[in-house]
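The next block holds one structure in the form of structure tokens; read it before the comments.
The values are calculated or read from the model by the stated rules, or taken from the named source; none is laboratory data. Everything numeric in this text was worked out from a predicted model, so none of it was measured. FYI the Cβ positions are ideal-geometry reconstructions off the backbone, even for glycines, and counts take in every protein chain you see.
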Amino acid sequence: MKRRQRVAAYAVCTHADAVLLARWTGPRGPEWTLPGGGLDHGEDPADAAVREVHEETGYAVRLDRLLTVHSFHMILPDAPVDFHGIQIVYAATVIGGELRYERDGSTDMAAWHPMAEVPALERVPLVDVGLAAAGLS
């Protein structure tokens, strides 16, 4: 079985009791996730988080602190792949830019969601991991 490992960096951005999420267009259909994504070879995780938030949302962010490093392991059912994901999650503050959608990427939109509405969203588990690490759940 083929083995694959992916290291990615994400940001929990909040403002006025809302969280910034990007909508991932993955194999299960659209799901909300924290803005972020995979590291390029040799890229620092903090730089990757800042770059990915900008690509997916249009916002410039300042990373405030490391929240958690989360790991998961699974066999991908559609292709026999032994997958190991490592997710580095930061708290971040928006410092500039304007909300916009990513073009030709893995997300198709971004939006601020009131914290009270997050439990009803179709979302990936990383959203809950990040919010819990930030003390917001």
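Flag: A48 does not match the condition of being small (G, A, S), surrounded by 13 or more Cβ atoms within 10 Å (Cβ to Cβ) and within 16 Å of W112 (Cα to Cα). Kindly evaluate G36 against the criterion of being modelled with pLDDT of 95 or more and either buried (at least 20 other Cβ atoms within 10 Å of the Cβ) or among the hydrophobic types (A, V, I, L, M, F, W, C) (or both). Yes; evaluated as a whole, the condition is true for this residue. Condition check for V118 on (1) at pLDDT 95 or above; (2) β-branched (V, I, T); (3) in a strand (DSSP E or B): one failure, at (3). Looking across the range 27-51 at every residue that is in contact (Cβ under 8 Å) with a residue 24 or more places away in the chain and more than 21 Å from L131 (Cα to Cα), the one that is nearest to the chain's Cα centre (by Cα) is identified as L39. Specify which of the listed residues (R103, R62) is on the phi < 0 side of the Ramachandran plot, basic (K, R), surrounded by fewer than 17 Cβ atoms within 10 Å (Cβ to Cβ) and modelled with pLDDT of 95 or more. One residue alone meets the criteria, R62. Selection within the range 76-98: residues that are charged (D, E, K, R) and farther than 22 Å from D47 by Cβ. The member of this set that is surrounded by the most Cβ atoms within 10 Å (Cβ to Cβ) is D82.
Here the condition is being touching a residue at least 24 places away in the same chain (Cβ under 8 Å) and assigned to a helix (DSSP H, G or I); of H54, H70, it holds for H54 alone.
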